[in-house]
Amino acid sequence: MELLISFSLLANLIVTSNAEDRIDPVLRLPFFNSKTMKSCSTKKDFRYLSKQEKKRISDAIGAKEIPGLYPVYNSYCDKKTRSTYLLNDIVRSEYQTLLISFQDDKIVHFEVVRFDEPVKYKAPSKWYKLFLGKDKFETIDAISGATLTRASTLKLAKLAHQLEKKKNEKK
Amino acid sequence: MKYILSLLIMLASTQVWSQSVEERLNILAEEVEMLKNKKSQSAVKLGGYGEIIYTNKRTELENNTKASHGTNPQADALRFVLYVGYDFDSKWSLFSEIEVEHADEIFFEQGGIKYSASEAFNWQTGVLLIPVGITNLYHEPTTFLSVSRTEIESKIIPTTWREVGTGIYGAFGKFNYELDLVTGLKANSFSSDGVRSGRQKASQAEARDLAWVARADYKAMSNFTLGISAYVGKAGGSATDVKHSIYDFHLMGEFGGVTVKGLYVLSKIDNTTALNNELNKTGSNGIGSELSGYYMDLGYNVLHGYKDWKLTPFVRYESYNTQEKVESGFTKDLSKERINTVVGINAKPTDKVVFKADYTIGKNKAKTGYDTWRLGVGWNF
């Protein structure tokens with residue numbers, strides 16, 4: 001019997017220690033370790049979209065079809081909550097990954113985490129700041145010589161916005 | 001005691017086995033996300049572009065005489081290009097574009113190895129696109145308004161211009177730069193109509209004569225870029241090598257629904273007397289010692305702010321001369337001093353598909369110009 005108890009406790013220990021050891025690489029990004037975010041406690045969660053929600057959001061962002069599952073990082077900072085999304089899209093032939101963070105339904109951080117297209121297609125960093133505080137993106141300036149970068153970035157911003165809206169609908 | 005033991009066992013085992021539905025769902029979600037990420041991090045990249053055009057040249061010339069233009073009208077699967085890339089790791093990668101031109105000619109349009117040290121510094125070697133002008137770097141049909149590329153960026157800047165070479169490139173704040181050392185053009189294929197036939201296209205290229213090419217683009221605003229480039233080197237003839245240089249100033253802007261593009265180019269070829277003599281070119285048939293020209297595109301997306309579609313009527317004014325100057329002993333062919341006015345419409349149901357129609361009023365100093373209308377469909381991905 002003692003042996004059985006020991007096994008159970010050992011298994012329990014393994015489960016717990018595995019969970020602690022598995023640090024999400026996303027949380028190692030500079031954004032999550034910045035001054036603003038350092039005091040926050042961040043937990044990964046997922047947004048699940050139903051068929052109808054997928055259809056509605058696809059239509060809203062002008063995409064043919066979108067996946068139904070998105071990770072979201074919820075950060076609890078003092079009395080404020082932030083939701084942060086990491087979203088991928090193909091610009092022309094290669095991917096870009098954006099980190100988009102919301103607080104009080106507004107974009108408070110917008111960052112290109114990865115950009116695999118040639119650097120000439122990347123927008124100047126100032127351009128990405130145009131997304132801060134916005135919930136409509138159509139009027140955001142064009143980027144000369146990088147139309148596809150703008151289109152992809154706008155699509156991801158709209159998607160993040162829709163996912164954030166869904167969170168609020170849940171409330 | 002039994003009770004306590006059973007309780008302990010139950011407690012421990014529930015911790016292990018009684019994952020809630022939510023926990024299981026999250027594990028599944030993690031797995032699905034991992035699979036999705038694997039897809040986006042695939043080492044193999046695929047892309048491409050293509051364009052099919054219809055061209056109808058008018059047979060009436062400016063001076064009211066008639067001319068024939070060979071196969072006319074003409075439908076041409078002008079370009080079908082497949083891009084394949086491969087990331088060896090986070091720094092080293094392969095890039096390549098294989099082009100099928102006119103449905104039956106195959107070219108290696110660009111390709112080689114890149115090393116990405118940082119955004120500011122990257123190195124590449126292989127068959128490189130020469131970073132001069134606008135169209136040679138931005139040549140996908142979805143990036144320019146008209147059905148055909150400008151004539152300046154065909155005869156003076158010979159797009160799609162690629163040569164074997166090596167170079168560095170990157171971005172510093174608002175500046176993008178590129179500096180390459182490449183094989184030069186073949187001077188013995190130059191003509192009074194420009195340098196287009198001098199491209200070696202990396203095919204058993206004569207590598208005795210090399211050229212430096214430098215480019216800097218300044219993003220004054222995200223939607224407005226000013227840039228310059230300089231190509232300085234030698235072009236090899238059979239017996240006569242000549243110095244060949246091209247300098248250009250270009251701008252690209254998008255303001256609201258307005259698209260603006262402009263370019264000025266000046267090109268110099270020295271020792272053209274010897275080159276013309278070697279090639280038995282005499283009189284007005286000689287290669288010009290100076291070539292120059294400019295164009296300006298202006299378009300407005302009439303659906304801007306209303307629809308995702310883009311419907312852009314546009315106008316282009318293009319003026320150039322492939323014999324701006326000729327060396328003494330040669331005369332100018334007035335038909336080389338040309339002005340093209342293009343009016344047309346460019347429709348994009350999405351940013352990666354385009355339908356185009358335009359009409360070119362072609363004039364030249366010899367009054368032998370003619371008009372052309374064109375239709376086109378293009379895509380890139």
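The values are calculated or read from the model by the stated rules, or taken from the named source; none is laboratory data. What you see is a predicted model; the values in this text were computed from it and never measured. Neighbour counts are summed over all protein chains in view; Cβ atoms, including those assigned to glycine, are modelled from backbone coordinates with ideal geometry. Ligands, DNA and RNA are stripped out before the accessible areas are found, and what is left, the full protein with its side chains, is counted by its heavy atoms. Shrake-Rupley method; radii C 1.70, N 1.55, O 1.52, S 1.80 Å.
So in the stretch A:111-138, with the set limited to residues that are touching a helix residue (DSSP H, G or I) at 6+ places or on another chain (Cβ under 9 Å) and of a type in the set (V, I, T), which one is nearest to the other protein chains (Cβ to nearest Cβ)? Top of the filtered list is A:V112. If you go through the stretch A:30-56 and keep only what is in contact with a strand residue (DSSP E or B) (Cβ under 7 Å, 6 or more places away or on another chain), within 17 Å of B:L25 (Cβ to Cβ) and not acidic (D, E), you end up with A:K43, A:K44, A:F46, A:R47, A:Y48.
For the stretch B:189-213, filtered to residues that are open to solvent by 40 Å² or more (accessible area, probe 1.4 Å) and out of contact with any helix residue (DSSP H, G or I) (no Cβ under 7 Å at 6 or more places or on another chain), the residue that is farthest from the other protein chains (Cβ to nearest Cβ) is B:R208.
Per the conditions (1) over 26 Å from the mean Cα position of the chain (by Cα); (2) open to solvent by less than 30 Å² (accessible area, probe 1.4 Å); (3) under 24 Å from B:V232 (Cβ atoms), the sole criterion not satisfied by B:L279 is (2). Is it fair to say B:G70 is under 24 Å from B:L179 (Cα atoms) and either touching a strand residue (DSSP E or B) at 6+ places or on another chain (Cβ under 7 Å) or more than 11 Å from chain A (Cβ to nearest Cβ) (or both)? Considered against the rule, which asks whether it is under 24 Å from B:L179 (Cα atoms) and either touching a strand residue (DSSP E or B) at 6+ places or on another chain (Cβ under 7 Å) or more than 11 Å from chain A (Cβ to nearest Cβ) (or both), B:G70 comes out as no.
One residue is enough: does the stretch B:162-172 have a residue meeting the conditions free of Cβ contacts under 8 Å to residues at least 40 places away in the same chain and surrounded by fewer than 22 Cβ atoms within 10 Å (Cβ to Cβ)? Taking every residue of the stretch B:162-172 in turn, none turns out to be free of Cβ contacts under 8 Å to residues at least 40 places away in the same chain and surrounded by fewer than 22 Cβ atoms within 10 Å (Cβ to Cβ).
Screening B:V182 against (1) in contact with a Leu (Cβ under 9 Å, 6 or more places away or on another chain); (2) at pLDDT 95 or above; (3) open to solvent by 10 Å² or more (accessible area, probe 1.4 Å) leaves a single unmet condition, (3).
The test for being touching a helix residue (DSSP H, G or I) at 6+ places or on another chain (Cβ under 8 Å), more than 14 Å from chain A (Cβ to nearest Cβ), free of Cβ contacts under 8 Å to residues at least 60 places away in the same chain and not aliphatic (A, V, I, L, M) holds for B:N321.
Of all residues in the stretch A:73-105, those satisfying the criterion of being in contact (Cβ under 8 Å) with a residue 60 or more places away in the chain, within 11 Å of chain B (Cβ to nearest Cβ) and among the β-branched types (V, I, T) are A:I90, A:V91. Restricting the first member to the stretch B:361-372 and to residues that are in contact (Cβ under 8 Å) with a residue 60 or more places away in the chain and under 15 Å from B:N72 (Cβ atoms), and the second to residues that are open to solvent by 70 Å² or more (accessible area, probe 1.4 Å) and among the basic types (K, R), the beta-carbon pairs closer than 8 Å and six or more apart or on different chains are B:Y370/B:R58; B:D371/B:R58; B:T372/B:R58.
Cβ separations smaller than 8 Å between residues 6+ apart or across chains give the following pairs from the stretch A:111-125 residues that are under 18 Å from B:S96 (Cβ atoms) to residues that are polar (S, T, N, Q) and assigned to a loop (DSSP other than H, G, I, E, B): A:E117/A:S93. Can you find a residue that is surrounded by fewer than 16 Cβ atoms within 10 Å (Cβ to Cβ), within 11 Å of chain A (Cβ to nearest Cβ) and in a loop (DSSP other than H, G, I, E, B) anywhere in the stretch B:30-41? Yes.
Each residue in the stretch B:293-326 was checked for being outside any strand (DSSP E or B) and open to solvent by 50 Å² or more (accessible area, probe 1.4 Å), and 7 pass. Evaluating B:L226 against the criteria (1) more than 14 Å from chain A (Cβ to nearest Cβ); (2) modelled with pLDDT of 95 or more; (3) open to solvent by 40 Å² or more (accessible area, probe 1.4 Å) leaves one unmet condition, (1). I need the full set of residues from the stretch B:352-374 which are open to solvent by 40 Å² or more (accessible area, probe 1.4 Å) and under 28 Å from A:K64 (Cα atoms), in order please. B:K352, B:V353, B:F355 - these are the residues of the stretch B:352-374 that are open to solvent by 40 Å² or more (accessible area, probe 1.4 Å) and under 28 Å from A:K64 (Cα atoms).
Here B:P158 does not fit the description of being out of contact with any His (no Cβ under 8 Å at 6 or more places or on another chain), modelled with pLDDT of 95 or more and within 12 Å of chain A (Cβ to nearest Cβ).
Comparison of A:L86, A:L99 shows that the only residue that is closer than 17 Å to A:L154 by Cα, in contact with a Pro (Cβ under 8 Å, 6 or more places away or on another chain) and surrounded by 15 or more Cβ atoms within 10 Å (Cβ to Cβ) is A:L86.
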